[in-house]
Every structure is written in structure tokens, then in C-alpha cells.
Amino acid sequence: TEKFEIRPVTPKDSKRILEIFKQGIEYGWATFETQVPPWESWDSDFYKFSRFVVENSEDNVVGWIAIKPTSKRECFSGVAELSLYIDKDYQGKGLGKILMQKLIQDSEEHQIWTLYAGIFPENKASIALHEKAGFHVVGTREKIGKHHGKWVDIVIMERRSTTVGID
């Protein structure tokens, strides 16, 4: 059985992170983005904490997870948007689940009380993964944006910490 290791993102991971993100763009139901951003843009969008890669036994990055702030307002400082991408050749091996578990634990250590994701309804595997990780559907934003020239919906899912931000 192939062994995998999760570790924090380092700058040397930039090429593989962006290659895997490009696969998500090409898949068509992972992101509204149509272009791979420069590394500097990706790096500045996401928090410097709670960003991890998963490597295979040859030390190749085959997936990543990271969170970004949802707002600059102080009252939302513990709310973050999650992004998770797995290389197409490694999907269905449980790597998303272990990345999600690691991120949830680490984000709570950094006082994140709510994680959320916006997912295309067509991306049923991502919705199922989030549900298994304790996310629930908050609602659907209908025709929220154009995707390949067509107005599309986004399912909003969130997970509230049971240990952080509870009074």
C-alpha cells in the first residue's frame, strides 16, 4: 500500500500546488477561476497557517488544503473559506479526508470557529467529503456567477467548531 504524509506548505511546493489547481480548473466543477494565479497571489490569498500538502512515497505533492479569511472585519476573524484539491490520479484514496481532519484540528488551534466552502452542486464528491467532515448545507446561492458563459449555483456548506468560539 502506498504511504502518504501530510506536512505544512513550503515555497518549494508552489509548482505542484498550482499544477493541481490547474487540474481543478480543467475539471470544470471545482472553481470559478479560469486561469492559474501566480504563486505570489495564491500565497497572499491564504492564511500562512492551516495550509498543508499531502505527499506520496516519492515525496511528490498530490494534494493540498488551505484556508483564507472571509472578511477583514474583526467580528469575522474566526471564519475562513476552505479550498481543497487532490491530483486527479490520487482522488478516491481518502486523501481529502485526512487533509480535512488535519486542517480542522489546526484551524481550531488558530481560533477559527467556522469553516465554509462554496461548492458547485455538480461536484457531488466534494459535497459528500464535506458532509463526512461535519459540514452541513447552509443554502444555495442561485445563479451567483457565470461559469463557462452560463449562470450557475453554489452550495454553501459550513462547519462550526465544537471547541472554539463557543460561549
Do you know which residues across the range 58-73 are without any contact (Cβ under 8 Å) to a residue 24 or more places away in the chain and either of a type in the set (D, E, K, R) or within 21 Å of Trp29 (Cβ to Cβ) (or both)?
Glu58, Asp59, Lys68, Lys72, Arg73
Of all residues in the range 144-158, how many are within 24 Å of Val79 (Cα to Cα) and out of contact with any helix residue (DSSP H, G or I) (no Cβ under 6 Å at 6 or more places or on another chain)?
7
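Hey, among Ala117, Ala133, which residue is surrounded by 13 or more Cβ atoms within 10 Å (Cβ to Cβ) and within 21 Å of Val9 (Cα to Cα)? Can you show your working first?
Values: Ala133 fails: within 21 Å of Val9 (Cα to Cα).
Checking each option against the conditions leaves just Ala117.
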Might you check whether a residue that is over 16 Å from the mean Cα position of the chain (by Cα) and either at pLDDT 95 or above or within 17 Å of Arg7 (Cβ to Cβ) (or both) occurs anywhere in the range 91-109?
yes
Determine whether the range 25-35 contains at least one residue that is under 13 Å from the mean Cα position of the chain (by Cα) and not in a strand (DSSP E or B).
yes
Under 9 Å by Cβ, and 6 or more places apart or on different chains, what pairs join a residue from the range 149-167 that is closer than 16 Å to Pro69 by Cα and open to solvent by 50 Å² or more (accessible area, probe 1.4 Å) with one that is of a type in the set (Val, Ile, Thr) and at pLDDT below 90?
Arg160/Ile166
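Conditions tested, residue by residue: (1) buried (at least 16 other Cβ atoms within 10 Å of the Cβ); (2) without any contact (Cβ under 8 Å) to a residue 40 or more places away in the chain; (3) not β-branched (Val, Ile, Thr).
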site	(1), (2), (3)
Glu2	no, no, yes
Lys15	no, yes, yes
Phe21	yes, no, yes
Thr34	no, yes, no
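For the condition open to solvent by 50 Å² or more (accessible area, probe 1.4 Å), of a type in the set (Ser, Thr, Tyr) and either part of a loop (DSSP other than H, G, I, E, B) or farther than 19 Å from Glu2 by Cβ (or both), what is the one hit in Ser57, Ser50?
After applying the criteria, what remains is Ser57.
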Within the range 60-82, the count of residues that are open to solvent by less than 20 Å² (accessible area, probe 1.4 Å) and under 18 Å from Phe21 (Cα atoms) comes to 8
Out of all the residues in the range 24-31, is one or more in contact with an Asp or Glu (Cβ under 6 Å, 6 or more places away or on another chain) and of a type in the set (Ser, Thr, Tyr)?
no
If we keep just the residues of the range 123-167 that are within 23 Å of Asp87 (Cα to Cα) and among the charged types (D, E, K, R), which is modelled with the lowest pLDDT?
Lys124
Residue in the range 39-46 that is open to solvent by 80 Å² or more (accessible area, probe 1.4 Å) and under 17 Å from His110 (Cβ atoms) present
no
Would you call Phe76 touching a residue at least 40 places away in the same chain (Cβ under 8 Å) and among the hydrophobic types (A, V, I, L, M, F, W, C)?
no
Specify which of the listed residues (Ser107, Ser161, Ser83) is within 22 Å of Glu33 (Cβ to Cβ) and polar (S, T, N, Q).
Ser83
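The values are calculated or read from the model by the stated rules, or taken from the named source; none is laboratory data. Just so we're clear, the structure is a prediction, and the values are computed from it rather than from any experiment. Ideal geometry is used to build each Cβ from the backbone, glycine not excepted, and the neighbour counts take in all protein chains shown. Side chains included, ligands, DNA and RNA excluded: accessible areas come from the protein's heavy atoms. Shrake-Rupley method; radii C 1.70, N 1.55, O 1.52, S 1.80 Å.
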